[in-house]
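S.K.: Mind having a look at this structure? Questions to follow.
The values are calculated or read from the model by the stated rules, or taken from the named source; none is laboratory data. Predicted, not measured: the structure shown is a model, and the values here were computed from it. Quick reminder, even Gly has a Cβ in these numbers, built from the backbone with ideal geometry, and neighbours come from all protein chains shown. Keep in mind that these areas ignore ligands, DNA and RNA; they rest on the heavy atoms of the full protein, side chains included. Shrake-Rupley method; radii C 1.70, N 1.55, O 1.52, S 1.80 Å.
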Amino acid sequence: MSSVNLMAREVAAKIVFYGPGLSGKTTTLRKVYETVRPAHRGEMMSIATEGDRTLFFDFLPVKVERVGDCSVRLALYTVPGQVFYNATRKLVLQGADGVVFVADSQAEAMDANRESLANLEENLLENGIRLDRFPLVMQWNKRDLDNILSVEELRRELNPRGVPDFETAAANGRGVMDALKTITRLVIKDLRAKRIVPPPRPAQPGTPPAGLEAQLSQHLHHRQPPAGTPPTAPTSPTAATIPATPVPRTLTTPAPPRVEPAAMPAVAVAPNTGSKLLGPTSALAPGDLFDHARAAEAAFTAGDYTTCVTACTDAVRRAMAFAGEGSLAQQAFLLHVDGSDLLRLQGLSTLPQLRVDDAAFALYVLMQVFVRLNAVGLPTAG
């Protein structure tokens, strides 16, 4: 499921590579991973099964169409193709924003291709999604082998809808990035149509449109006003409000990674004298973690950012445990929590000094985890 981090001006979207067993899904993702520059990708992770793999990783692609003035981060997943792993496929498919169907071009694989495509349609329907209204790209893989069907035959059997399709050879990477770029454009178009993304910030006067790397550079550095520009009246930070629906609220004022405390909104406090602290984090917290969330918010308000990060880290660990036994990566996978955010939060605890943006990020991660728990009905009553 797509998410928007207003503080980082970043849109995260999930794309799943679907298809029969041994069609080349994992090889495709490995080739993407090798192609993307290390600075713009996350760690590749794999959950092994006996005969197949579910593999996923996050990365920030360089040349991706902007959504408003936000950068786009893609979470790419594969699914196990074997029939008896259908429950795993359903789990991985939940919250997907688009699918790349990787078909095996070999003649003997046509029945498996049909069954897998029908399975995709069925699993999407269980989530209330019709395949004919969903971002989809077809990847005709293994075009470098003998005994393969023509593209016309594959289209006739598997692509009557006429979605974009590509001839690929995942072993050498041919066509793989073209398919990825196209599904990304379709997903972005769909997100725009659904009005999921935030409105763009007003453009700086005289600033020409730039590519994604330039946009990221603008987000990561303070922008100084030109000499002679009259100062603008400061905007007072607004208190965070409790959302009407369980959607995590991040700071609505775009902020670079390092900002001064005056630029950050304070956690909401009721205006009446003597009222108790009630911020968005504690408002989203399950009963068992309410005190932990309040402690984190109180530390943030008091300017004790080290205590805030420590409290958030402990609360996240306790919250993730509701997903069951297993490693943090497995718990994050089951709850659809961003693994890179969890790793960054863990890394903050090793820093000798923490600043306001570190504490704000920790609160954001904690709210994200609380929302995911609420979405799946955890913890259960009793």
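S.K.: Among the residues of the range 168-194, which ones are open to solvent by less than 30 Å² (accessible area, probe 1.4 Å) and either in contact with a His (Cβ under 6 Å, 6 or more places away or on another chain) or not in a loop (DSSP other than H, G, I, E, B) (or both)? Quick ask: steps written out before the conclusion?
M.R.: Filtering the range 168-194 down to residues open to solvent by less than 30 Å² (accessible area, probe 1.4 Å) leaves 168-170, 173, 175-176, 179-180, 182-184, 187-188, 191.
Passing the criteria: Ala169, Val176, Ala179, Leu180, Thr182, Ile183, Thr184, Val187, Ile188, Leu191.
S.K.: Follow-up question, since we're still on this one. Among (1) buried (at least 21 other Cβ atoms within 10 Å of the Cβ); (2) within 22 Å of Asn374 (Cα to Cα), there is one condition Phe333 misses while meeting the rest; what is its number?
M.R.: The failed condition is (1).
S.K.: Now a separate question. Which members of the range 289-307 meet the condition of being among the charged types (D, E, K, R), over 27 Å from the mean Cα position of the chain (by Cα) and at pLDDT 85 or above?
M.R.: So the first thing to find is which residues in the range 289-307 are among the charged types (D, E, K, R), and the list is 291, 294, 297, 304.
Cutting the leftovers down to over 27 Å from the mean Cα position of the chain (by Cα) gives us 291, 304.
Passing the criteria: only Asp304.
S.K.: Of everything in the range 308-323, what is under 22 Å from the mean Cα position of the chain (by Cα) and among the small types (Gly, Ala, Ser)? Give them in sequence order.
M.R.: Ala315, Ala319, Ala321, Ala323, listed by residue number.
S.K.: Also: Which condition number in (1) under 17 Å from Gly24 (Cβ atoms); (2) within 28 Å of the chain's Cα centre (by Cα); (3) not β-branched (Val, Ile, Thr) is the one that Leu145 fails?
M.R.: (2)
S.K.: Residue by residue through the range 299-345, note down the ones that are over 21 Å from Ala13 (Cα atoms) and of a type in the set (S, T, N, Q).
M.R.: Thr301, Thr306, Thr307, Thr310, Thr313, Ser327
S.K.: Can you pull out every residue in the range 292-312 that is within 20 Å of Pro379 (Cα to Cα) and open to solvent by less than 40 Å² (accessible area, probe 1.4 Å)?
M.R.: Ala293, Ala311, Cys312
S.K.: Still on this structure, I have one more. Do any residues in the range 167-178 that are free of Cβ contacts under 8 Å to residues at least 24 places away in the same chain have Cβ atoms under 8 Å from those of residues that are assigned to a strand (DSSP E or B) and open to solvent by less than 80 Å² (accessible area, probe 1.4 Å), where the two are at least six apart or on different chains, and which pairs are they?
M.R.: Asp178/Phe166
S.K.: Further question on the same structure: So Glu43 clears everything in (1) open to solvent by 30 Å² or more (accessible area, probe 1.4 Å); (2) modelled with pLDDT under 65 except one condition, right? Which one?
M.R.: (2)
S.K.: Exactly one of these conditions fails for Arg155: (1) open to solvent by less than 40 Å² (accessible area, probe 1.4 Å); (2) over 28 Å from the mean Cα position of the chain (by Cα); (3) not acidic (Asp, Glu). Give me its number.
M.R.: The number of the failed condition is (1).
S.K.: When you check Asp111 against the structure, is it acidic (Asp, Glu), at pLDDT 80 or above, over 17 Å from Met177 (Cα atoms) and surrounded by fewer than 21 Cβ atoms within 10 Å (Cβ to Cβ), yes or no?
M.R.: Values: acidic (Asp, Glu): yes; at pLDDT 80 or above: yes; over 17 Å from Met177 (Cα atoms): yes; surrounded by fewer than 21 Cβ atoms within 10 Å (Cβ to Cβ): yes.
Answer is yes for this residue.
S.K.: For the range 270-377, please list each of the helices (runs of 4 or more DSSP H) lying entirely inside it that holds at least 1 residues being of a type in the set (A, V, I, L, M, F, W, C), farther than 30 Å from Leu93 by Cβ and without any contact (Cβ under 8 Å) to a residue 12 or more places away in the chain. Don't jump to the end; show me each part of the working.
M.R.: Numbers: elements: 280-284, 290-302, 305-320, 328-335, 339-348, 356-376.
Passing ranges, in order: 290-302.
S.K.: Test Ser327 against the criterion of being in contact with a Gly (Cβ under 9 Å, 6 or more places away or on another chain), small (Gly, Ala, Ser) and open to solvent by 40 Å² or more (accessible area, probe 1.4 Å), and give yes or no.
M.R.: Numbers: in contact with a Gly (Cβ under 9 Å, 6 or more places away or on another chain): no; small (Gly, Ala, Ser): yes; open to solvent by 40 Å² or more (accessible area, probe 1.4 Å): yes.
So Ser327 fails the test.
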